[in-house]
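Please read the structure below before turning to the comments.
The values are calculated or read from the model by the stated rules, or taken from the named source; none is laboratory data. Just so it is clear, the structure is predicted and the values come from calculations on it, not from any experiment. Ideal geometry is used to build each Cβ from the backbone, glycine not excepted, and the neighbour counts take in all protein chains shown. Surface accessibility is based on the protein's heavy atoms, side chains included, excluding ligands, DNA and RNA. Shrake-Rupley method; radii C 1.70, N 1.55, O 1.52, S 1.80 Å.
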Amino acid sequence: LRFTLPTSCEVTCTVYNILGKTVETLVKEQYPAGHFEINWDASNYSSGLYFYTLQAGDFRETRKAVVQK
């Protein structure tokens, strides 16, 4: 997951299963302005559809992620 921050802000990235249950919080910390990448090691999770939400300041976006084994 790549993203760019124009200014410093709190960033949270959370992964959810298909039922909406939180399975992992990847980050929850202050980031400076700049370009970043967050990697999710899904090797401990079963195959299927997951969703992740990236929240940075007032920005919030949810996308899907497919895990195949």
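Please work out the C-alpha center-to-center distance from the stretch 44-69 to the stretch 1-34 and express it in whole Å. Spelled out, the Cα-based centre of one part sits 10 Å from the other. In the chain, the portion of solvent-accessible area held by carbon and sulfur atoms comes to 49 percent [1.4 Å probe, whole percent, DNA, RNA and ligands not counted].
Summing charges over neighbours of Thr12, with a neighbour being any other residue whose Cβ is under 14 Å away from its Cβ, gives -3 when K and R count +1 and D and E count -1. Add +1 for every Lys or Arg and -1 for every Asp or Glu among the other residues with Cβ under 15 Å from the Cβ of Thr53, and state the total. Here the charged neighbours net out to +1. Working from Cα pairs under 8 Å separated by at least six residues, relative contact order for the chain is 34 percent. Computed with a 1.4 Å probe on the full set of protein chains, the accessible area for Lys69 sits at about 150 Å². Dimensions of the chain based on its C-alpha atoms, expressed as ranges along the principal axes with the largest first, amount to 37, 19, 16 Å. A dipole drawn for the chain from +1 and -1 charges on Cβ atoms has a positive end, and of Phe59, Phe3, Asn44 the residue lying farthest that way is Asn44.
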